[in-house]
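Student: First the structure, then my questions, so here it is.
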Amino acid sequence: MVHLISQWITATNQHFAHQRLPCSRFSGPFTGFYSPEFLASSYYVVTEHLPKPDYPELRAAGFSDFIDMPASAITYVDTYYITPAAMASLRTHFHELVHVQQWLQLGQEGFIARYMAELGQHGYDQAPLERMAYELDGHFNARGAALPVAQFVAKNL
């Protein structure tokens, strides 16, 4: 199933490639958290409906709640999809960029396999990759001292 989802993600990112915008616009507020190079090679797409793979096999495996869960953003590799309503939320952008960093460090199929295992074992709210992203976006939102997210992710994966 990991390979099927990986193919879907690659096709989805290719489909939206012409709408991608670089995250370098966040270099000011995210100084010290993300490198300018990382932000320049990370992207977002504004869309009313977040793309999610909706395969019967995923639903049969118990991922219906995740597929149907309302969300304001979702990340696939170096690109996250965000709703117009969430565009003004720096915290949401920060959170999704944590996931971009996780994808970068785990690789596409590695991230998918781990994320699916964590959802199945812990549920969305307690999944370690999500908890890491929420911990870091909470630190940012509380105006915590800048810390290099890439190093934090590498140390805590």
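Quick note: the coordinates plus some simple rules give every number you see, no bench work behind them. These figures come from a predicted structure and were not determined experimentally. Because the Cβ atoms are built from the backbone with ideal geometry, glycine has one as well, and the counts that use them run over all protein chains shown.
Student: Count, please, the residues in region 135-157 that happen to be in contact with a helix residue (DSSP H, G or I) (Cβ under 7 Å, 6 or more places away or on another chain), farther than 15 Å from Leu39 by Cβ and small (Gly, Ala, Ser).
Tutor: 1
Student: Further question on the same structure: I need a count of the residues in region 136-157 that are farther than 16 Å from Phe30 by Cβ and loosely packed, with under 14 Cβ neighbours inside 10 Å. Don't jump to the end; show me each part of the working.
Tutor: Pass one, region 136-157, residues farther than 16 Å from Phe30 by Cβ: 154-157.
With loosely packed, with under 14 Cβ neighbours inside 10 Å added as a condition, the list becomes 154-156.
Of the residues in region 136-157, 3 are farther than 16 Å from Phe30 by Cβ and loosely packed, with under 14 Cβ neighbours inside 10 Å.
Student: For region 76-90, indicate whether the set of residues that are touching a strand residue (DSSP E or B) at 6+ places or on another chain (Cβ under 9 Å), free of Cβ contacts under 8 Å to residues at least 24 places away in the same chain and in a helix (DSSP H, G or I) is non-empty. Even if it seems obvious, please write down each step before you answer.
Tutor: Here is the first cut: in region 76-90, the ones touching a strand residue (DSSP E or B) at 6+ places or on another chain (Cβ under 9 Å) are 78-84, 86-87, 89.
This time we only want the ones that are free of Cβ contacts under 8 Å to residues at least 24 places away in the same chain, so: 86, 89.
With in a helix (DSSP H, G or I) added as a condition, the list becomes 86.
The answer is yes, given that some residue of region 76-90 is touching a strand residue (DSSP E or B) at 6+ places or on another chain (Cβ under 9 Å), free of Cβ contacts under 8 Å to residues at least 24 places away in the same chain and in a helix (DSSP H, G or I).
Student: If you check Phe111, Phe94, Phe152, which single one turns out to be more than 21 Å from Tyr81 (Cβ to Cβ) and part of a helix (DSSP H, G or I)?
Tutor: Details: Phe111 fails: more than 21 Å from Tyr81 (Cβ to Cβ); Phe94 fails: more than 21 Å from Tyr81 (Cβ to Cβ).
From the options Phe111, Phe94, Phe152, the qualifying one is Phe152.
Student: Confirm whether Phe140 is over 27 Å from His15 (Cβ atoms) and touching a residue at least 60 places away in the same chain (Cβ under 8 Å).
Tutor: Working: over 27 Å from His15 (Cβ atoms): yes; touching a residue at least 60 places away in the same chain (Cβ under 8 Å): yes.
Yes, satisfied.
Student: Right, next: Going residue by residue through region 51-72, is there one that turns out to be hydrophobic (A, V, I, L, M, F, W, C), under 26 Å from Arg25 (Cβ atoms) and either crowded, with 20+ Cβ neighbours inside 10 Å or in contact with an Asp or Glu (Cβ under 8 Å, 6 or more places away or on another chain) (or both)? Let's see the steps before the verdict.
Tutor: Here is the first cut: in region 51-72, the ones hydrophobic (A, V, I, L, M, F, W, C) are 58, 60-61, 63, 66-67, 69, 71.
If we keep only those that are under 26 Å from Arg25 (Cβ atoms) as well, we get 71.
Retained after the next criterion (residues that are either crowded, with 20+ Cβ neighbours inside 10 Å or in contact with an Asp or Glu (Cβ under 8 Å, 6 or more places away or on another chain) (or both)): none.
Scanning region 51-72 turns up no residue that is hydrophobic (A, V, I, L, M, F, W, C), under 26 Å from Arg25 (Cβ atoms) and either crowded, with 20+ Cβ neighbours inside 10 Å or in contact with an Asp or Glu (Cβ under 8 Å, 6 or more places away or on another chain) (or both).
Student: What do you reckon, is Leu129 surrounded by 15 or more Cβ atoms within 10 Å (Cβ to Cβ) and either more than 16 Å from Arg20 (Cα to Cα) or touching a residue at least 40 places away in the same chain (Cβ under 8 Å) (or both)? I'd like the intermediate steps shown before the answer.
Tutor: Values: surrounded by 15 or more Cβ atoms within 10 Å (Cβ to Cβ): yes; either more than 16 Å from Arg20 (Cα to Cα) or touching a residue at least 40 places away in the same chain (Cβ under 8 Å) (or both): yes.
In short, yes.
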